[in-house]
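Peer 1: One structure, as C-alpha cells, below. Some questions next.
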Amino acid sequence: MKPWYTRYLLSSIAVFIAFAMVWWMIPEEEILVAVEKWKGVCWVGSRSPLDGTELRNLKSTGANALSQTPFGWQSEVNKPEIRWEVNAERQWWGESARGIQATHDSSQVLGIMNMLKPHLWVRGSWPGDIEMLNEGDWDLWFDNYKGFILDYAKLAEELKIPMLCIGTELEKTSEREEEWRKIISEIRKVYSGKLVYAANFTEFEKIKFWDKLDYIGVQAYFPLTDKHNPDLDELKSGWEKQLPKIEKVVRKYKKPVLFTEIGYCNTIDAAIEPWVWPNERKEIEFSEEAQALCYEAFFETAWKKTWMAGVFFWKWYPKRHEREPDFTPQGKAAEAVMARYFLDD
C-alpha cells in the first residue's frame, strides 16, 4: 500500500499539470484583443515637396498608416554626442519639420494615421551597437538622447501626430531600465499621444518598461528559414516558431503589438536574414516571388493574431526608383499581396 502522502503528492501534480494545460490553451481572444489594425508602411522622406499623387497612390493599396523618420546623428557607437536639428535647411524636405507637417496633414485628409519615428544614424554601424564605456558617458548619452527625443515629442504634439516611437533598436541602451523610465516620464509631460518603442527582434523579450508604453513594438526581421527560395509552408512554419515568443510578452504586459518595421528584399535569400541591407546582396539572384511569399506568410500567420495592432512595411518611397535589389514592394508582386490583404481586411 502506498503511503498517504504519495496520493496527495500525485493529486497535487495532476492539478498543477491540468492548470498549466488550461493556461496555455486559453484562446488568444482571452489574452488580448487589439482595438485597432494599422495597415502601414515606413514612408521615406523625399528631397522635395510632394505633388499630391504620392499619398493617393499609397492609399489605393488599402494602407491606413505610415511612419515618418527624421534622423539624429551619432559619429561613434561609444561616444555620447548626438547631433540633430528639427528643421535645418540642409535636411531633405521630407525629414524636416515642415515636410513632416505637410506629409501628416496631406495623409490625414486621406484617412492615413501617422507615427513619428525618429532614428539615430550611427556612422559605420547601427543603433544596436551604441554602448558607452563608463557611467559618466552613459549619463551624457541619456541627457543628449532625452533632448533629441523630447524635441520630436514636442513637434508631434504641436502637429497633433497621434503616435510617437521613442526609440529604435537601441538594444544595448534599453537594458538600462531606470533611465528609459525617466525618459518616458519626461515625454509624457509634453506629448499626449500613444507611445511605442521599436525593439529589435533580438531585444523585445528583454525590455522591462513595456508597462509604461501603449504598445509592444517589434522590428520583426525574424529569420524564417535557412534556404533560398523557400515555399509558403516553410515560411509559415518559420513564423509559427517565432510567434510564441511574442505571445509570452503579450501575456505578461497585456499590451497590443505593433510591428514597427518588417520587410524583405526581392532576392532568393530574403527570409534567411531579412535585416541584411540591399547593398550586401549585390551578388544574390533577384526574386520577386520570394519577396511576395514572405509577405504572404506574414499575412497568413502573424497578421491574424488578435493582439496584432498593426504593421509598418519597410519601406515605401514617394516616387518609386529603379535601384535593385531593395526592400520596397512597390511595383512588385509583393505590393499586390500587401494590397490584397490590406483591402480585404
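Peer 1: Can you name the residue in the range 266-282 that is surrounded by 20 or more Cβ atoms within 10 Å (Cβ to Cβ) and out of contact with any strand residue (DSSP E or B) (no Cβ under 9 Å at 6 or more places or on another chain) and is also farthest from Glu203 (Cα to Cα) among such residues?
Peer 2: Here the residue is Asp269.
Peer 1: Starting from residues that are open to solvent by 70 Å² or more (accessible area, probe 1.4 Å) and touching a Phe, Trp or Tyr at 6+ places or on another chain (Cβ under 8 Å), keep the ones in the range 98-139 and report whichever is farthest from Gly217 (Cα to Cα). Outline the logic, then answer.
Peer 2: Initially, the range 98-139 is screened for residues open to solvent by 70 Å² or more (accessible area, probe 1.4 Å), giving 98, 101, 108-109, 121, 123-124, 126, 131, 133-135, 139.
In the following step, the residues that additionally are touching a Phe, Trp or Tyr at 6+ places or on another chain (Cβ under 8 Å) were identified as 121, 123.
On the way: Trp121: 19, Arg123: 25 Å.
My answer is Arg123.
Peer 1: Where the second residue is part of a loop (DSSP other than H, G, I, E, B) and the first is within 10 Å of Val122 (Cα to Cα) and lies in the range 67-84, which pairs have Cβ atoms under 6 Å and are six or more apart or on separate chains?
Peer 2: Filtered contacts from the range 67-84: Gly72/Ile82; Gly72/Trp84; Gln74/Ile82; Ser75/Arg123; Val77/Ser125; Val77/Ile130.
Peer 1: I've got another one for you. I'm checking my understanding of the structure. Among residues of the range 193-209 that are part of a loop (DSSP other than H, G, I, E, B) and closer than 16 Å to Trp126 by Cβ, which one is least open to solvent (accessible area, probe 1.4 Å)? Don't jump to the end; show me each part of the working.
Peer 2: Looking only at the range 193-209, we keep the residues that are part of a loop (DSSP other than H, G, I, E, B), and these are 193, 201-203, 207-209.
If we keep only those that are closer than 16 Å to Trp126 by Cβ as well, we get 201-203.
Working: Phe201: 33, Thr202: 61, Glu203: 2 Å².
Result: Glu203.
Peer 1: For Glu261, indicate whether it is charged (D, E, K, R), in contact (Cβ under 8 Å) with a residue 12 or more places away in the chain and open to solvent by less than 80 Å² (accessible area, probe 1.4 Å). Walk me through how you get there before you give the answer.
Peer 2: Values: charged (D, E, K, R): yes; in contact (Cβ under 8 Å) with a residue 12 or more places away in the chain: yes; open to solvent by less than 80 Å² (accessible area, probe 1.4 Å): yes.
When the stated conditions are applied, Glu261 passes them.
Peer 1: Now, a different point. Name the residue, out of Trp275, Trp239, that is in a helix (DSSP H, G or I) and not aliphatic (A, V, I, L, M).
Peer 2: Working: Trp275 fails: in a helix (DSSP H, G or I).
Only one candidate qualifies: Trp239.
Peer 1: Is it the case that the range 297-308 has a residue that's surrounded by fewer than 20 Cβ atoms within 10 Å (Cβ to Cβ) and over 25 Å from Cys165 (Cβ atoms)?
Peer 2: Yes, there is a match, as at least one residue in the range 297-308 is surrounded by fewer than 20 Cβ atoms within 10 Å (Cβ to Cβ) and over 25 Å from Cys165 (Cβ atoms).
Peer 1: Is one or more of the residues making up the range 220-232 open to solvent by 10 Å² or more (accessible area, probe 1.4 Å), of a type in the set (S, T, N, Q), farther than 26 Å from Asn114 by Cα and under 18 Å from the mean Cα position of the chain (by Cα)?
Peer 2: no
Peer 1: Do you know which residues across the range 311-340 are in contact (Cβ under 8 Å) with a residue 60 or more places away in the chain and either open to solvent by 10 Å² or more (accessible area, probe 1.4 Å) or touching a Leu at 6+ places or on another chain (Cβ under 8 Å) (or both)?
Peer 2: Passing the criteria: Val311, Phe312, Trp314, Lys315, Trp316, Tyr317, Pro318, Lys319, Lys332, Glu335, Ala339.
Peer 1: Which one is farthest from the chain's Cα centre (by Cα), of the residues in the range 168-192 that are crowded, with 17+ Cβ neighbours inside 10 Å and touching a residue at least 40 places away in the same chain (Cβ under 8 Å)?
Peer 2: Per the stated criteria, the residue is Glu179.
Peer 1: Let me ask another. Answer yes or no: is there a residue in the range 298-308 that is outside any loop (DSSP other than H, G, I, E, B), aliphatic (A, V, I, L, M) and within 22 Å of Glu54 (Cα to Cα).
Peer 2: First, pick out the residues of the range 298-308 that are outside any loop (DSSP other than H, G, I, E, B): 298-300, 302-304, 308.
Restricting the remaining residues to those that are aliphatic (A, V, I, L, M) gives 302, 308.
Next cut, within 22 Å of Glu54 (Cα to Cα) only: none.
Taking every residue of the range 298-308 in turn, none turns out to be outside any loop (DSSP other than H, G, I, E, B), aliphatic (A, V, I, L, M) and within 22 Å of Glu54 (Cα to Cα).
Peer 1: I'd like to check something: does the range 61-78 contain any residue that is more than 23 Å from the chain's Cα centre (by Cα) and crowded, with 16+ Cβ neighbours inside 10 Å? Talk me through it step by step, then tell me what you get.
Peer 2: Taking the range 61-78 and keeping what is more than 23 Å from the chain's Cα centre (by Cα), we get 75-76, 78.
Narrowing the set further to residues that are crowded, with 16+ Cβ neighbours inside 10 Å leaves none.
Taking every residue of the range 61-78 in turn, none turns out to be more than 23 Å from the chain's Cα centre (by Cα) and crowded, with 16+ Cβ neighbours inside 10 Å.
Peer 1: With Leu343, Leu258 as the choices, which residue is within 18 Å of Val41 (Cβ to Cβ), of a type in the set (A, V, I, L, M) and under 18 Å from the mean Cα position of the chain (by Cα)?
Peer 2: Details: Leu343 fails: under 18 Å from the mean Cα position of the chain (by Cα).
The conditions single out Leu258.
Peer 1: Which residue out of Ala102, Ala97 is among the aliphatic types (A, V, I, L, M) and touching a helix residue (DSSP H, G or I) at 6+ places or on another chain (Cβ under 7 Å)?
Peer 2: Only one candidate passes the filter, namely Ala97.
Peer 1: Looking at the range 238-248, can you tell me whether even one residue there is closer than 23 Å to Arg188 by Cβ and either open to solvent by 10 Å² or more (accessible area, probe 1.4 Å) or at pLDDT 95 or above (or both)? Lay out the reasoning, then the answer.
Peer 2: First, pick out the residues of the range 238-248 that are closer than 23 Å to Arg188 by Cβ: none.
Checked against the condition, which is being closer than 23 Å to Arg188 by Cβ and either open to solvent by 10 Å² or more (accessible area, probe 1.4 Å) or at pLDDT 95 or above (or both), the range 238-248 yields no hits at all.
The values are calculated or read from the model by the stated rules, or taken from the named source; none is laboratory data. Note that the structure is a prediction, hence the values are computed from the model and not measured. Because the Cβ atoms are built from the backbone with ideal geometry, glycine has one as well, and the counts that use them run over all protein chains shown. Calculation scope for accessible area: heavy atoms of the full protein, side chains included, ligands and nucleic acids excluded. Shrake-Rupley method; radii C 1.70, N 1.55, O 1.52, S 1.80 Å.
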